[in-house]
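The values are calculated or read from the model by the stated rules, or taken from the named source; none is laboratory data. Owing to the predicted nature of the structure, the values given are computational and were not obtained by experimental measurement. Backbone-built Cβ (ideal geometry, glycine too); neighbour counts: all protein chains shown. Ligands, DNA and RNA are stripped out before the accessible areas are found, and what is left, the full protein with its side chains, is counted by its heavy atoms. Shrake-Rupley method; radii C 1.70, N 1.55, O 1.52, S 1.80 Å.
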Amino acid sequence: MIDLRSDTVTKPTRAMREAAFEAEVGDDVYEEDPTVKELENRAVEITGKEAALFVTSGTQGNQISVLTHCQPGDEVLMEANAHLFLYEGASMSALAGVQPRTLQGTRGAMNPHDVKAAIRPDDIHFPETGLICLENSHNKAGGAILPLENMQDIHQIAQESGIPVHLDGARLFNASVASGIPVKTYAEQTDTIQFCLSKGLGAPVGSIIAGSEDFIRKARKWRKRLGGGLRQVGIIAAPGLVALNDMVDRLAEDHEHAQQLAEGLGNIEGLEIENNVDTNIVLVNVGGRGKTSHEFLEDLKTQGVLAVPFGPYTVRFVTHYDASGEDIDRVIERVNQF
């Protein structure tokens, strides 16, 4: 079975397993785990932020960030198809008591003029705009890279209005490798940032949030409140260090495989590639085959390939460390067989 449902299905490398086995550990709630400290310090180096915090998942990292930035009753601006809005169980409303306000973007990028117009004026009838959220790369837009100029413009607007900017950078390293723009440069356009150690980087678990020292101090308490205060957690932080140190540059291979897949599937009658393939996600419209995405996926599964529905007629494929170029060739061949 060739699994292209997500880059979250990657298995930890041998080096990650050995690092976990040999990790020096301590109680992280007491801030005594040396491996976690090393990981957080490495994240500070990469992002250029003052401090960082290891959390269990991207969703937890995003929600801790919202909880730390906002007050109940605030409004949070984000793109209409943001992961924060579509795929995190309405947790910002359930946990932080804030309401999302979505703006339709282009390939995941909000128009800065729309963002400026959406910031609430001082009026007792309106919520206060407490946060602006960006996503890079943008999952629902097919792994699209958010243009740096777009981030710069929105950050400038936010600074002028005294509103913080949070970046959901779950796949930020994909965007960085594909664009050639350093993670630190992207992070400069935000107040806080979250990125995943799993997904393309291949660690089995964990994400990082980074920001000012004051922000991370407050975020640490929110992590504890959410049950995210862990003990000898260096065992799972150690694979994250391997991910940051050894697995970033190889993301270019995943991007090449995504281009390979898009070219192969795009040449099959009845299939249409919907997205510009910037990184490791390929969106395929299967309507020309006379099937819904679910029907197509059932046929695909019988051929030993897994993907996910992304719309009534859209199927998402994600390339990753455990899918080789030969696997991609096999996927194209098997799709040709039905």
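If you take the residues of segment 314-338 that are touching a Gly at 6+ places or on another chain (Cβ under 7 Å) and over 15 Å from Gly266 (Cα atoms), which of them is most open to solvent (accessible area, probe 1.4 Å)?
Ranking the candidates gives Tyr321 first.
When only residues in segment 170-205 that are in contact with a Ser or Thr (Cβ under 8 Å, 6 or more places away or on another chain) and charged (D, E, K, R) count, which is farthest from Lys11 (Cα to Cα)?
The selected residue is Asp191.
Could you list, ordered by first residue, the pairs with Cβ atoms under 7 Å in which the first is in segment 86-115 and without any contact (Cβ under 8 Å) to a residue 12 or more places away in the chain and the second is assigned to a strand (DSSP E or B), at least 6 apart or interchain?
Partner pairs satisfying both residue conditions: Ser93/Gln99; Asp114/Leu103.
Among the candidates Ala175, Ala170, which residue alone is under 29 Å from His257 (Cβ atoms) and part of a loop (DSSP other than H, G, I, E, B)?
Answer to the check: Ala170.
Are there any pairs with C-beta distances below 9 angstrom linking a residue in segment 1-14 that is among the hydroxyl-bearing types (Ser, Thr, Tyr) to a residue that is surrounded by fewer than 19 Cβ atoms within 10 Å (Cβ to Cβ), with the two at least 6 apart or on different chains, and if so which?
Listed pairs, sorted by first residue: Ser6/Val308; Thr10/Pro204; Thr10/Asp322; Thr13/Asp246.
What's the total number of residues in segment 194-216 that are open to solvent by 10 Å² or more (accessible area, probe 1.4 Å) and either closer than 13 Å to Asp249 by Cα or among the basic types (Lys, Arg) (or both)?
1
Can you pull out every residue in segment 38-94 that is among the acidic types (Asp, Glu) and within 19 Å of the chain's Cα centre (by Cα)?
Those that are among the acidic types (Asp, Glu) and within 19 Å of the chain's Cα centre (by Cα): Glu40, Glu79, Glu88.
For Glu295, are the conditions met, namely being more than 25 Å from the chain's Cα centre (by Cα) and either closer than 27 Å to Ala203 by Cβ or of a type in the set (Phe, Trp, Tyr) (or both)?
no
Acidic (Asp, Glu) and either surrounded by 21 or more Cβ atoms within 10 Å (Cβ to Cβ) or farther than 26 Å from Lys199 by Cα (or both): which single residue out of Glu295, Glu253 fits that description?
Of Glu295, Glu253, the one residue that is acidic (Asp, Glu) and either surrounded by 21 or more Cβ atoms within 10 Å (Cβ to Cβ) or farther than 26 Å from Lys199 by Cα (or both) is Glu295.
Please tell me if Val305 is surrounded by fewer than 23 Cβ atoms within 10 Å (Cβ to Cβ) and closer than 24 Å to Ser198 by Cα.
yes
Kindly indicate whether Glu272 is over 30 Å from Ala19 (Cα atoms), open to solvent by 50 Å² or more (accessible area, probe 1.4 Å) and in contact with a Gly (Cβ under 9 Å, 6 or more places away or on another chain).
Yes: the conditions hold for Glu272.
Among the residues of segment 224-235, write down those that are buried (at least 24 other Cβ atoms within 10 Å of the Cβ) and touching a Leu at 6+ places or on another chain (Cβ under 9 Å).
Passing the criteria: only Gly234.
Can you tell me which residues in segment 180-193 are over 26 Å from Gln60 (Cβ atoms) and either acidic (Asp, Glu) or open to solvent by 50 Å² or more (accessible area, probe 1.4 Å) (or both)?
Listed by number, the list holds a single entry, Gly180.
When segment 297-313 is examined, which residues are found to be assigned to a helix (DSSP H, G or I), touching a residue at least 12 places away in the same chain (Cβ under 8 Å) and over 16 Å from Leu271 (Cα atoms)?
Within segment 297-313, Thr302 is the sole residue that qualifies.
Quick check, is Gln259 over 18 Å from Pro34 (Cα atoms), open to solvent by 10 Å² or more (accessible area, probe 1.4 Å) and polar (S, T, N, Q)?
So Gln259 passes the test.
Kindly indicate whether any position in segment 284-292 is touching a residue at least 24 places away in the same chain (Cβ under 8 Å), closer than 20 Å to Ala175 by Cβ and not aliphatic (A, V, I, L, M).
no
Please note which helices (runs of 4 or more DSSP H) are completely contained in segment 1-101 and include at least 2 residues that are surrounded by fewer than 21 Cβ atoms within 10 Å (Cβ to Cβ).
Because the criterion is at least 2 residues that are surrounded by fewer than 21 Cβ atoms within 10 Å (Cβ to Cβ), the helices (runs of 4 or more DSSP H) in segment 1-101 that meet it are 14-22, 34-47, 83-86.
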